[in-house]
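Here is the structure we will look at.
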Amino acid sequence: MTTFLYLQRFADGESAVMPFDVLLSILARHGKPGRGLYDTEITFANELAAGATLIGARTGGALCVGFERPRFDAPLRALVWECMRELGCAVFDDALDMVYTPLHGDCTLPPALMAACANGVRQVDSAQQLWPDQLETRLPDVAPPGLPYAKGLQLFDEGDFSAKEVTIELAIRPEACNAATLRVLRNLTARVDAAIGANPLYQPFYRFVHDDSARLFLASAQLGPLAHSATMISPGPGLSTHRPGFASERGIDAGARAEQARLVAFVRAKYQLTLDGGGASIDALSALLDKLHAWYLLERAKQPANAAFSSPLAASWALRAGDYLGCVVASQIGGQWGAITRGGHRLAVVRTHRGRICHPHLQVLDHIVNGADDSVARWYARLAVSDASACARADDIAARIPQLCALLLASDAAALPLAAQLPREQLDYSVASLRHLDAWLGQLRQQGAAVPAHELERVIDAAGAYLGEVVRGNTADHGQWQWMNYDDMVRAYPAFARQRARARGFMAFLDSVEHTTYPLATVATLLADARAESLQDYARKLLPQAADERAGPLAPGEIEQWPAAPAMALALDQVRNAVMKWRRTATPADYAATCADNPGWLGGDSLAEIYRRQHLLLERGMVVWASLVQADKALFAQGPHDMPALLAYSLERHFEARPQALHRIAQELSSYKGKEAPAALQHITHCLAAEQQRPQDMAVPDMLTQRRVMISSFLAIRKHMPADVLHGAWFPVLTHPDTLCLMIAPRAFWPPELASAWKSGAMV
């Protein structure tokens, strides 16, 4: 991601100028100013940033500074703090993940920008408050690809040097777009154009996270003609691309709870102060931080004026008291400890069950530095009103996932029934470890009524939490899944109560952008029925990329080395975004209009089940690519009936940009129809020959691919296909773990380019 950090002054919610010469002199002390293609550019020898663009002139004043790929460390902190102190400017990154204004001054942000700051606006009175080293962990640097040109090296986010394609990904939010910040981006495109001129075989791409930002950029004033064409990619009208976000972490939770206990003991011994972990204790903590603020001011007064002072006392207490504050938020308001990444740094945070990201360590630091203006008591009181969970504290399973996993792994034999039979040393949060948990649950199931109901509830909670953490931890994006409580989901989406009963298995579950899944309910079902799906099979459906111990040698490798098609990945994202946007406002009438009616002619055919499961797939299904293996010939022409077909699909991310690879697998399988096939493929080719069979989720053998690809029968519903005809070899489908049915994503969700390619026969 090409991150920009902007320094801009605002007054009364409007952009205001800064003294050009003063700003330039500050920048000159840290880098070398020079004339860029259009505006003043600063280069930095110490890698403070890839570069900076200064918008403005001596006559009219400076409007903005944009740092490209800033390195959030001490040199940048000193520069930014000097600018804030001398010029009263605000500081914000393009994604508005971090926004700072001076504590003293009249820097009033535009209302739209202020409202878009998900983490709030921090008022700072010290350089120490800017991305503090003690509270953030810097991630390892990864050298981005670049192209050399006359002025240096232009960096990109992705580079396919075999295809001669380079990509810049821009996360700027539309609320951060104004004439000055957009001019910074226009300077970027000019540098890219110059780099392409020096490397003429390359094609540049700009991928915007937010469609509105792409629109505002294209409408902004051009600085001059560009010599080379570039491709602009956006997620679709009014949509935004999903970005990795919060991921809960058991290790952070355990560390915070341990530090909470140490702080409680420390303040009891030193200050005779009782912190009992309740919400009311935050008032006592706030009073203690008031005293620390006074000590901080005395310490700061001993330093030279305007020094970029950093207080070890403030940093130490920010860590200790921040852990305490975060634990109280998680337990009393409802939330989970975890981490986010921003600007190349990793931060420990708490996410409330209502989705707000809280920075308890920074809240404590701000209180110590700023004083009562940033009281943690006042902040906690507001949060208790705005973000209180709908779930009773005793029922808040989502907040206790780490503790429930620890219960399963604890050595206390009395914690769970048959605890001595549980091979805890095998429970390493791998998919393979679920085999051992399956066996232990089988032993419990055989005990029947001998296991008291309240002990079974503990088993469901603990084993369900572990199963969910296996799924979450083995997903490529650990932030894809979030734990959610039943009551919080019902408050946000009242219709959920009609879909799921308030039963033990649904009290907590995993929720994602695309669908939900129920690990606790899966455990409860397995305890009641030996024929139920195993935990390992359940996880494999959600984790097709997980290593399978049954897999043999990987051959031939063609599928694994298949080149990515960015246009296909974009098309799939556009379908997913369109589905999600529709779900937010869809009424029962909308669902009814999108679903197809059962004509009845299928009779008892198992494929008729799709007419009953359409609503589930539309409401909670995930969108993946599939490729046609074979189909009834009637589907390739206009006709009145929906017809059976066979497809190959995969949940693996590998295929999101490679549906053609799925088509290649389908072609290989089809080529054996009516011929002698290798032994590993005969069970599939038998289904191809016996067209009345209805295989579901039949795994493709590893002789074709090491990736997990399934073969399934489906019913090709005409009203869901562009032109009502099966024109393409691959297409987006909806799938969900609760059903074996698959359904072509209705054509209303297809981007125009995909629908046109389908109708023209280009997708073959």
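In this entry, residue 685 is excluded by the filter for residues that are among the hydroxyl-bearing types (Ser, Thr, Tyr) and either under 28 Å from residue 592 (Cα atoms) or under 36 Å from the mean Cα position of the chain (by Cα) (or both). The residues of the stretch 11-29 that are under 19 Å from residue 105 (Cβ atoms) and either among the hydroxyl-bearing types (Ser, Thr, Tyr) or in a loop (DSSP other than H, G, I, E, B) (or both), listed by number, are 12, 13, 15, 17, 19.
Scan the stretch 248-285 for residues that are closer than 17 Å to residue 352 by Cβ and among the β-branched types (Val, Ile, Thr) and the total you get is 2. Note on the stretch 419-429: residues that are assigned to a loop (DSSP other than H, G, I, E, B), of a type in the set (A, V, I, L, M) and either modelled with pLDDT of 90 or more or surrounded by fewer than 16 Cβ atoms within 10 Å (Cβ to Cβ) (or both) amount to 1. Tallying residues that are closer than 25 Å to residue 575 by Cβ, aliphatic (A, V, I, L, M) and not in a strand (DSSP E or B) within the stretch 198-250 yields 6.
Candidates are the residues of the stretch 646-692 that are assigned to a helix (DSSP H, G or I) and basic (Lys, Arg); the one that is nearest to residue 735 (Cα to Cα) is 653. A count restricted to the stretch 650-668 and to residues that are crowded, with 21+ Cβ neighbours inside 10 Å and either of a type in the set (Lys, Arg) or touching a Ser or Thr at 6+ places or on another chain (Cβ under 7 Å) (or both) stands at 6. Of the helices (runs of 4 or more DSSP H) contained entirely in the stretch 559-639, those carrying at least 2 residues that are surrounded by 14 or more Cβ atoms within 10 Å (Cβ to Cβ) and out of contact with any helix residue (DSSP H, G or I) (no Cβ under 7 Å at 6 or more places or on another chain) fall at 566-585, 610-620. The condition of being within 35 Å of the chain's Cα centre (by Cα), crowded, with 18+ Cβ neighbours inside 10 Å and not assigned by TED's automatic domain parsing to the domain that holds residue 351 holds for only one of 416, 409, that being 416.
Residues that are in contact with a helix residue (DSSP H, G or I) (Cβ under 6 Å, 6 or more places away or on another chain) number at least 2 in the following strands (runs of 3 or more DSSP E) confined to the stretch 85-161: 146-149.
Exactly one residue among 346, 354, 400, 342 is at pLDDT below 95, basic (Lys, Arg) and either closer than 22 Å to residue 468 by Cβ or crowded, with 21+ Cβ neighbours inside 10 Å (or both), and that residue is 354.
Does at least one position in the stretch 604-618 carry a residue that is at pLDDT 85 or above and touching a His at 6+ places or on another chain (Cβ under 7 Å)? Checking the stretch 604-618: at least one residue is at pLDDT 85 or above and touching a His at 6+ places or on another chain (Cβ under 7 Å). Scanning the stretch 343-359 for residues that are part of a strand (DSSP E or B) and either touching a residue at least 40 places away in the same chain (Cβ under 8 Å) or over 24 Å from residue 73 (Cα atoms) (or both) yields 345, 346, 347, 348, 349, 351, 352, 357. Screening residue 191 against (1) part of a helix (DSSP H, G or I); (2) within 26 Å of the chain's Cα centre (by Cα) leaves a single unmet condition, (2). When you look at residue 294, is it assigned by TED's automatic domain parsing to the domain that holds residue 349, without any contact (Cβ under 8 Å) to a residue 24 or more places away in the chain and either closer than 20 Å to residue 126 by Cα or of a type outside the set (D, E, K, R) (or both), yes or no? Yes, satisfied.
Across the stretch 699-741, the qualifying residues are those that are modelled with pLDDT of 90 or more and in contact with a Gly (Cβ under 7 Å, 6 or more places away or on another chain), and the one among them that is nearest to residue 637 (Cα to Cα) is 734.
Sort out which residues of the stretch 517-526 are surrounded by fewer than 21 Cβ atoms within 10 Å (Cβ to Cβ) and in contact (Cβ under 8 Å) with a residue 40 or more places away in the chain, and write them in order of number. If the condition is that a residue be surrounded by fewer than 21 Cβ atoms within 10 Å (Cβ to Cβ) and in contact (Cβ under 8 Å) with a residue 40 or more places away in the chain, then 521 is the only one that fits. Residue 96 meets the conditions (1) at pLDDT below 95; (2) surrounded by 19 or more Cβ atoms within 10 Å (Cβ to Cβ); (3) on the phi < 0 side of the Ramachandran plot in every case but one. The failed one is (3).
Considering (1) out of contact with any strand residue (DSSP E or B) (no Cβ under 8 Å at 6 or more places or on another chain); (2) surrounded by fewer than 17 Cβ atoms within 10 Å (Cβ to Cβ), the lone condition that residue 197 does not fulfil carries the number (1). Filtering the stretch 693-722 to residues that are assigned to a loop (DSSP other than H, G, I, E, B) and in contact with a helix residue (DSSP H, G or I) (Cβ under 7 Å, 6 or more places away or on another chain) leaves 693, 694, 695, 700, 701, 703, 704, 705, 707, 709, 721. Number of residues in the stretch 211-249 that are within 30 Å of residue 474 (Cβ to Cβ) and in contact with a Ser or Thr (Cβ under 8 Å, 6 or more places away or on another chain) equals 2.
The values are calculated or read from the model by the stated rules, or taken from the named source; none is laboratory data. Since we're looking at a predicted model, the values are computed, not measured. Virtual Cβ from ideal backbone geometry, glycine too; neighbours counted across all protein chains shown.
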